[in-house]
Amino acid sequence: MLTALLFMLGLGATCGLMLSVASKVFYVYEDPRIAEVESFMAAANCAGCGYTGCSAAAVAVVAGEAPPSVCVVADAEAAANIAAVMGVDPGTAEPLLSYNTCTGGDRAADKYYYMGINSCQALATLYGGKHECPVGCLGLGDCVRACVFDALKIGPHGYPVVDEMKCVGCGACEKVCPKDIMEIKTMSQKLLHLNQYDDRIAPCQQTCPAEIDIPRYICQIKNGDYEGAVNTIRERNPLMLSCGRVCPHPCEDKCRRGIEDEAVSINQLKRFVADYEMNSGRHLPVSVAPSTGKKVAVIGGGPAGLSCAFFLRRLGHDVTIFDAMPKLGGMIRYGIPEYRLPKEVLAWETDGILNIGIEHKPNVMLGRDFDIGSLVASGYDAVFLGIGAWKDYTLGVEGENLGGCYTGIIFLTNFALWQQEDGARDRQPFVGNKCVVIGGGNTAIDCVRTLIRLGAEEVSIVYRRTRKEMPANEVEIVAAEHEGVKFTFLAAPTRVIGDEEGNVTGLEYLKMELGEPDASGRRRPVPIEGSETIMEIDMLITAIGQGPDVFFKDESKRLDKDLNLTRWDTIDCEDPVALQSSIPYIFTGGDSATGADLVVSAIGAGRRAARSIHLYITGEEITPPDKTLFTNNIPVSIFDSVEGIEKSARTKMPELPVEDRIKSFVEADLVISEEEALYESDRCLQCCLTCYNKDVA
Amino acid sequence: MAKTITQEFTKGLWKEIPPFRLVLGLCPVLGVTTTMENGIGMGLATTFVLLCSNILVSSLRNIIPPKVRIACFIIIIATFVIVVELVMQAYAYRLFLKLGLFIPLIVVNCIVLGRAEAFASKNGLLPSMADGLGIGIGFTLSLASLGAIREVLGTGTFYGASVFGPSFQPFTFMIQAPGAFVCLGLMLCIMNLFEN
Amino acid sequence: MRELIKMVVVLTVLAAFSGGLLAGLRNGTAAQIEKQQLEFVKGPAIKKILDGASNDPISDRFKILDGDVETSFFVGKFDGKANTVAFESFGKGYSGDIGLMVGVNIVTDKIVGIEVTTHSETPGLGAMAKDDPGFAAQFKGFSITEPIKVTNEGGQVNAISGATITSRAVCAAATDAGNMYQKLKPQLTEKIEEFNK
Amino acid sequence: MSEMGYFSIIISTIFVNNILLAKFLGQCPFLGTSKKMETAVGMAMAVIFVLVLAGSITWVIYHLFLVPFDLVYLRTIAFILVIASLVQFVELFLKKSIPALYAGLGIFLPLITTNCAVLGACVINIDEELGFMKSLVSSFGFAVGFGVALILFAGVRERITLARVPKPLQDTSIGLVTAGIIALAFFSFKGMV
């Protein structure tokens, strides 16, 4: 009796001591959520779930590989508890739901005819299945059989439909699907995904630099789910109000309807739901992952910086935006004029971004108020350089520094500051009577349209190629034409003429003719000898292109010298998808990486940089997958002709009448009505990789 | 969430009946169910351990430090297993001979540890007792029915009494290892059939 | 640190408590367990072999140590005299050892009966060695001092059809028992005489 | 088995007395981790590591403490407690000191505590009264047997996904029937040793 007592006493004490000492001595940091998740599992280590023991399953849950309901012993309550550990503020977390990524179903064309096979798994092993589409749903319902919650059924169109009320996000359907159609992804996983060659995505989504799931949000609009559409867009684009107004929508160029008919007015639909949210008066809740405790500095509060900060914050990192200007928005605030993007709208949008827990430090400039070294010293784990392209290129001709000569950015910024900032009210911008703007891009158009509204009598554009080659958005050019801007094409400025007081009085230019196409495919303008002409002017704005202003590189002492630049002064990053600079912890994106480009490109780059930063600070490989699409198109998805289209008119964008709009800075382009939005969304063919909804059967 | 004690008890009888619904604790299920008697014996032994360990774990749940809780649960369970082992040796030796190796293995029966951890360590005494008893009886019923089928087919007897008379050629396959797997698999199939 | 101490203390106390409880239970059941073991494992075989004995062979038992192995012998009294002894030997079967209880008349050195005690042979085949009384009955009357073999090895025992290995194992066990019997006979006789006093 | 040679022990433990198919031990992970070949292989490796470790420790405990002090009846509780604590210790140790090994094997270690194959094999070794080395070899054999059966089974299960299985029979149900047929095949090893 005594021996037994002593033996067990000794055994218990030894084991207890050994374990408690070992847990101290061999302590390794581990995500505290793992222990928390494990405590809710049954700890039977039964391996019934397919993982090797409860801690392995807990690790998988925390890594997002296993669903919270992984434990086969524990009950639904435990699953809910685990979900609570993994989720965020339950009020804002979106539920983990199964999502069907293929809506091809019956409309997908068949390639083979099989008899007698009734499982997707089996079909998939035989030449990849029956459809022409290599990645589409096979429709035999392995997922339906796998679902123990009865949340899936094969719908009328031959693909699985999820009953969101019944789905618990267990992931059983995802596991059995041989084509990875069914997806259960955490929000973070969704945010990190880049378009890939094997994705089931429509041409518009392939083309969008921000990779927005366009068919999905159009479908949501069609079903009246405007909030759903907003959330879909916000998975890729936090600046939908701005984009909805200023985006030149490259997506519409690839719209399949556009091949036979007019393209769907995608951007108008985006603006419609974005305005719907703003007019509702409240920001829809945005889900944010639990805090990781990592700090990231975002330098520059423009579209790239805002996008990067937004996605980093949603991934759970602490983000601070350092911006040289008094208010957020960068070029879209200080470059794009009020009549295109009202500041009130922009402020509402940037407030929404800051609301998810991002810190904003205004009026601090890199190289003047701080440098990269000081950021590293304050414990930032990574830096995003989104400094944009704020330095105008110069003509390099005589007299361009005369009085009355401005560069595009300086003109627009000064004007914007005067218009919006109380402190800048006394610096009213100079406006001439006969104004000339040199350049054919959006900046040039913004300048002329601003000048018209400021009361300039005669405003013209001088461009060295023809209208066809102008890089500005077509709608902008048309609007400028309507507003009375004159255009002088095929004219290369050679000299700026001034008077004795040093003020500009004239512009001398050479007439040009078009020669052979150059590397960019545009026909190179060739000067006509002896064709010098002088134009009488009293104000000149040069807007011939911009590059990043990298003066901080000379100002800062140590770290910045390793930062490689290209010969256009953009920040050199080897991989345009990874966006990592020559200093590993510095990332970039937007205009500072590419030179002046679209807002939507900067937004896309911001997300790609956020992805790289997230992977970098969590110690993972940042090299993007080989299959990354990166605004290229998947060849099979690009058609020459589209069958079954019945022509239907594209919704026209409502505008203020010209006489009204040229007198003020009131927004010129208006939003479409709900009726029009529903009509336009119905024009969408709901394309996928190869199939689409035909108008006529 | 507020389930009644009765619900906690009855869920073990059909909704979560092991090993059919909770595919756990298969080793004794397959190993000992050559006759109905063995099945019932094993089932009752497991029920006893399940009930006792649930009671003890539930009453000690606030004292046990979380980091060594598994070790503590194991001690508790192992103690009761040895109690069963000794008592069975002393008063039901014939059964002990047949169940032999599987009695000590109740310790590692996932069901017992699983219920202790997943249920008893988070619930009060009464629900834990109901849960232990319910799951235990469910387990016993499964074992008994599996044992009965295998016994009838494999040896031609039901609880020791001859069913088919002496001319019956026993379907020996059923009481051997492969038969156990096949029989359980088919029973699962039949359960699924009734479910849908 | 406090948490650490608590961990160790709880575990130790729990373990000690369990040790105490089990030791108590063990003490209470030890005698009953041994009796049960004899009764159920060897009891039926002994009773069958020594059928008609006037004493209780299970309580009239003694042990002899031969090398490392300790064997229990059960004494049967017939016609008022303790002249028969039963003991267990083992043979290698088809799957695992086969235990064989052999009863020998010490006066005639002839087998009075055999019974298979433990085995794990295939039911319906090898297991017939235990279940088919005809098989065991063949051994009755054989001299224990000679090797016992199945017919196709030149012996007198008809093997169970389909279970040659089992049959051979039983024969081997019986032969083994003979060897042991011969070796221990002096001691045996001495011990058995005590029961006649 | 105690008088067998090492080779016969190996054959016996791997094939004749296969721990999964003849002894019915370790069924939960057998059905749980056999859905994918990858996990099956990892699991098999870990069981080999863990079972050899557990086999040697329990032998030491049994022969050094339990037998001399006449505490054999405490076998179950002592074994499980020692195995559980030791494995947790090894897990902690590997995690800190040899992370590479931990990544490969460590995650499988917790299974030892509740895998009845592990405790079962240890108990069988003790029951068979094997010496230390033989007990080690036998543990190894049982573990390899576990691995062989598991990997074979996983291979078959991967193929079953291609078959037309009636709905009620799907998943675990057909899995068990398959296991039965594999067990039948292993029957032919009986009598080899």
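The numbers here are math on the coordinates, done by the rules we state, and not lab data. Keep in mind that what you see is a predicted model, and the values were worked out from it rather than measured. Cβ sites come from the backbone with ideal geometry, for glycine too, and all protein chains shown count toward neighbours.
Using amide H atoms built 1.01 Å from N in the peptide plane, name the residues 5+ places from A:Leu152, or on other chains, whose amide H lies under 5 Å from its own.
A:Asp163
For region B:5-195, just run the numbers: alpha carbon Rg, then divide by 2.2 N^0.38 Å, N being how many residues it has. Don't skip to the answer; put the middle values down first.
Details: Rg = 17.3 Å, N = 191, 2.2 N^0.38 = 16.2 Å.
Rounded to two decimals, the normalised Rg is 1.07.
When the Karplus curve 6.51 cos²θ - 1.76 cosθ + 1.60 is applied with θ = phi - 60°, which whole-Hz ³J(HN,Hα) does each residue of region B:163-174 get, with x for Gly and Pro?
Those phi angles translate into 9, 9, x, x, 6, 5, 8, x, 8, 3, 3, 5 Hz.
Helix B:36-60 sits at what angle to the longest principal axis of chain B, using alpha carbons and giving 0 to 90 degrees rounded to 10?
Around 0 degrees separate the two axes.
Farthest toward the dipole's positive end in the protein assembly as shown, which of B:Phe168, C:Leu25, C:Phe195, given Cβ charges of +1 (Lys, Arg) and -1 (Asp, Glu) about the Cα centre?
So the residue we want is C:Phe195.
List the aspartates and glutamates whose Cα sits under 14 Å from the Cα of B:Lys11, skipping any in the same chain fewer than 8 residues away.
A:Asp75, B:Asp131
Among the aspartates and glutamates, which fall within straight-line cross-link reach of C:Lys185, defined as a Cα-Cα distance under 16 Å, with same-chain neighbours fewer than 8 residues apart omitted?
C:Asp66, C:Glu70, C:Glu88, C:Asp109, C:Glu146, C:Asp176, C:Glu193, C:Glu194
Once amide H atoms are built 1.01 Å from N in the peptide plane, which residues 5 or more positions from C:Asn83, or in another chain, come under 5 Å H to H?
C:Gly76, C:Phe78
Quick check on the protein assembly as shown: helices-only [θ] at 222 nm, where DSSP H runs of length 4 and up contribute -39,500 (n - 2.57) each and the sum goes over total residues. Nearest 500, please. Spell out each step's value before the answer.
Numbers: 49 runs with 576 residues, N = 1283.
That comes out to -14000 deg cm²/dmol.
For chain D, modelled as a Gaussian network with Cα springs under 10 Å, which listed residue fluctuates most, D:Phe30, D:Phe146, D:Phe93?
Top of the fluctuation ranking is D:Phe93.
From the phi angles alone, apply the Karplus equation (6.51, -1.76, 1.60; θ = phi - 60°) to region A:579-593 and give each ³J(HN,Hα) in whole Hz, x where the residue is Gly or Pro.
The phi angles translate into 6, 8, 7, 5, 9, x, 8, 9, 10, 9, x, x, 4, 5, 9 Hz.
I'd like to know how chain D sits against the 2.2 N^0.38 Å rule of thumb: what's its Cα Rg over that expected value?
1.08
What FRET efficiency do you get for A:Asp110 and D:Ile160 if R0 is 35 Å and r is their Cβ-Cβ distance, rounded to the nearest 0.05? Let's see the in-between values first.
Working: r = 27 Å, r/R0 = 0.77.
About 0.85, to the nearest 0.05.
Which of the GluC sites (Glu not before Pro) across region A:211-297 are loop residues per DSSP, with 16 or fewer other Cβ within 10 Å?
Numbers: sites: A:Glu211, A:Glu227, A:Glu235, A:Glu252, A:Glu260, A:Glu262, A:Glu277; in loops: A:Glu211, A:Glu235, A:Glu262.
Listed in order of number, the matching sites are A:Glu262.
Trypsin sites (Lys or Arg not before Pro) within region A:642-685: which are DSSP loop residues with at most 13 other Cβ atoms inside 10 Å?
Numbers: sites: A:Lys647, A:Arg650, A:Lys652, A:Arg661, A:Lys663, A:Arg683; in loops: A:Lys647, A:Arg650, A:Lys652, A:Lys663.
Passing both the DSSP loop test and the Cβ count: A:Lys647, A:Lys652, A:Lys663.
What do you get for the angle between helix C:164-196 and the principal long axis of chain C? Use alpha-carbon atoms, 0 to 90 degrees, nearest ten.
On a 0 to 90 degree scale, this one is about 90.
Which of C:Val116, D:Gly191, B:Val87 sits closest to the plus end of the dipole of the protein assembly as shown, meaning its Cα is farthest towards the positive end, when Lys and Arg get +1 and Asp and Glu get -1 on the C-beta?
It is C:Val116.
Place a +1 charge on the Cβ of each Lys and Arg in chain A and a -1 charge on the Cβ of each Asp and Glu, then give the dipole magnitude about the Cα centre in debye, rounded to the nearest 20. Could you put the intermediate results ahead of the total?
Details: 66 positive and 96 negative charges, 258 e Å.
The calculated dipole for chain A is roughly 1240 debye.
For the cross-link pairs A:Lys254/A:Lys627; B:Lys67/D:Lys23; A:Lys468/A:Lys647; A:Lys185/A:Lys343, which exceed 25 Å when the distance is taken from alpha carbon to alpha carbon? Before the final figure, lay out the partial values.
Numbers: A:Lys254/A:Lys627 21 Å; B:Lys67/D:Lys23 33 Å; A:Lys468/A:Lys647 27 Å; A:Lys185/A:Lys343 36 Å.
Over 25 Å apart, Cα to Cα: B:Lys67/D:Lys23; A:Lys468/A:Lys647; A:Lys185/A:Lys343.
Report, by chain and number, residues whose modeled amide H sits under 5 Å from the one on A:Asn503, excluding near sequence neighbours (fewer than 5 apart, same chain).
Distant-sequence amide H within range of A:Asn503: A:Gly403.
In bins 10 Å wide, starting from 0, what share of all Cα pairs of region A:97-184 does each bin hold, as a percent?
19, 55, 23, 3
Restricting things to alpha carbons, find the Rg to Rh ratio for region A:631-686 using the Kirkwood radius for Rh. Display every interim value, and only then the final one.
On the way: Rg = 17.3 Å, Rh = 14.8 Å.
That ratio equals 1.16.
Compute the angle between helix A:2-25 and the longest alpha-carbon principal axis of chain A, please, reported from 0 to 90 degrees and rounded to the nearest 10.
10
What share of Cα pairs, in percent, lie more than 60 angstrom apart in the protein assembly as shown?
Numbers: 286144 of 822403 pairs.
Percentage above 60 Å: 35.
Once phi is turned into ³J(HN,Hα) by the Karplus curve 6.51 cos²θ - 1.76 cosθ + 1.60 with θ = phi - 60°, what whole-Hz value does each residue of region A:222-227 show in order, with x for glycine and proline?
4, 8, x, 8, 5, 5
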